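Colleague: I am attaching a structure below and will ask some questions about it afterwards.
Just so it is clear, none of the values below were taken in a lab; they were calculated from the coordinates. Just so it is clear, the model here is predicted, and its values are computed rather than measured. Cβ sites come from the backbone with ideal geometry, for glycine too, and all protein chains shown count toward neighbours.
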Amino acid sequence: MKSIFVIGAAASPLTRERGQVPLYSGYELHWYSPSGDDVPGAKMYRYPFNRLKQSTFIEMFYVFYLILKIRPVIVHVFYANQRFVNLAATFARKLVVTVMGSDIADYKLGYRFNSFFVQWLLSRADVVTSKSIYLDSRLASLGVDIKKIKRITWGVDRSRFAPDLDTYSLRVKYGIAEGDFVVFDVRSCSELYNHPFILRSFATYLETYNIDAVLILTRFSGSVEYINKLEALIRHLGIVDNVRFVDAIPKEEMPLYYNLADVVVSVPSSDGMPQSLYESMACGCFHILGDLPQYKELIRDRVNGLFVEIGNEQQLVEALDWVSKNQGQLTAAAQENQALVHEIADRDQQFHKMTKIYDNLLHTNTLENQ
């Protein structure tokens, strides 16, 4: 049986799901991940030298050894910014790289060291999968041949991420009344996502419009220092009763949170094309987003979302007010968002496209050997 070797973090739910695509088309799946649970159906490999501190050089040679031993027909790397491990991956017969957005962002490639390894990996890849036109342009700026770039959004499971789900249990859990205006900050707890800006704007919104509203944000991946900073700000602003600062949300519960929300807010300083945008659109959510160009591939201002200048608190306050007063337009926006996801981000369709890429790579290899 032909095998595909995945290099990626099995601890990431998205990488786990996407990395299993070879299994659906009959390939044997081998997987290297430094940590994380086993992936069902895959032969797992991890850093084997428990008594030695994890070394990038040792890890590189170990991955190279695995490629020689397994002799996969394709190596698929998830996340391009893995430094020395990438060097081992470039010895693959056929190489696929999936960029995630943050791995090729300017702030991650500011160090020449990082940029070298990423560009070397991308130059050696036979296929680079990209989720958006914006990421295409970033790849082109890194010297990637446009012919190598294939559009794979990976999509969402529309049987799970759907509208009209019963959110009664969440309302009871968090003490949210039926008529409360619910704002959901879906992004992880990192300074990149500008939570203080959201909190200050939300406090002003409450004071200005005297509305019953609740803001939900998550502690997921947050440092103790940053979480403490946000909790102190919440107390200082006097909005403790209106904020639900929740622990990491299990993936299977995310559709319920999207359905609970009247609006999803996301205002990072930089971004790729976040999976959370597709997921929330599939659930019919309306969005308030930072004014980044990549979002405009999917969202039209005041049609199926709103854009605000990052850091402009008055704009965000006015956007929240607009959403709360235009519920009729939100219904039309929900229908448009669901239709868009069906067209470009259906998981089953995207997985089928990925299997065709694998098959075409092998077909090309066969022709070259004839």
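Colleague: Suppose R0 equals 22 Å. What FRET efficiency, 1/(1 + (r/R0)^6) with r the Cβ-Cβ distance, do D38 and S3 give to the nearest 0.05? Write down the numbers at each step before the final one.
Modeller: On the way: r = 17 Å, r/R0 = 0.77.
Once the sixth-power term is evaluated, E becomes 0.85.
Colleague: Which residues in the range 238-275 place their backbone N less than 17 Å from a point set 7 Å from the Cα of V172 along the Cα-to-Cβ direction?
Modeller: Zone members listed by number: 256-257, 260.
Colleague: Ratio of the range 168-344's C-alpha Rg to 2.2 N^0.38 Å, to two decimals?
Modeller: Numbers: Rg = 15.0 Å, N = 177, 2.2 N^0.38 = 15.7 Å.
The value comes to 0.96.
Colleague: Further question: Gaussian network model of the chain, Cα springs within a sub-10 Å range: biggest mean-square fluctuation belongs to which of D262, D241, D126?
Modeller: Looking only at D262, D241, D126, the largest GNM fluctuation is found for D241.
Colleague: Further question: Please arrange V246, V186 by how many other C-beta atoms lie within 10 Å of their C-beta, fewest to most. Write out the running numbers ahead of the final one.
Modeller: On the way: V246 15, V186 24.
Least crowded to most crowded, the residues run V246, V186.
Colleague: How many nm separate the modelled label positions at E297 and K150, each set 7 Å beyond the Cα in the direction of the Cβ?
Modeller: Distance between the two pseudo-spin positions: 1.6 nm.
Colleague: Please order M273, M1 by the number of other Cβ within 10 Å, starting at the fewest. Show your work: numbers first, answer last.
Modeller: Values: M273 21, M1 5.
Ordered from fewest to most neighbouring Cβ atoms within 10 Å, M273, M1 come out as M1, M273.
Colleague: Could you work out which residue, out of L277, L206, L135, moves most in a Gaussian network model of the chain, that is, has the largest mean-square fluctuation with Cα springs under 10 Å?
Modeller: Fluctuation is largest for L206.
Colleague: Mean-square fluctuation check for the chain, GNM, Cα pairs under 10 Å: which of G328, G19, G36 is largest?
Modeller: With Cα springs under 10 Å in the chain, the top fluctuation among G328, G19, G36 is at G328.
Colleague: To the nearest whole percent, what portion of all C-alpha pairs in the chain is separated by more than 29 angstrom?
Modeller: Details: 31051 of 68265 pairs.
Value for the chain: 45 percent of Cα pairs lie more than 29 Å apart.
Colleague: Another question about this same structure. Most exposed first by the Cβ proxy, i.e. fewest other Cβ within 10 Å, how do F78, F5, F116 rank?
Modeller: Working: F78 24, F5 28, F116 13.
Neighbour counts put them in this order, fewest first: F116, F78, F5.
Colleague: Return the whole-Å distance between the Cα centroid of the range 60-82 and the Cα centroid of the range 332-359.
Modeller: 29
Colleague: To continue, here is another question. Round to the nearest 0.05 the FRET efficiency obtained for T208 and L68 when R0 = 51 Å and r is the Cβ-Cβ distance. Please report the intermediate quantities before stating the final value.
Modeller: On the way: r = 65 Å, r/R0 = 1.27.
Working from the Cβ atoms, E equals 0.20.
Colleague: A follow-up question, please. With Kirkwood's inverse mean 1/r over C-alpha pairs for Rh, give me the Rg to Rh ratio of the range 223-294, two decimals please. Could the numbers behind the result be given before it?
Modeller: Values: Rg = 14.1 Å, Rh = 14.2 Å.
Looking at the range 223-294, the ratio lands at 0.99.
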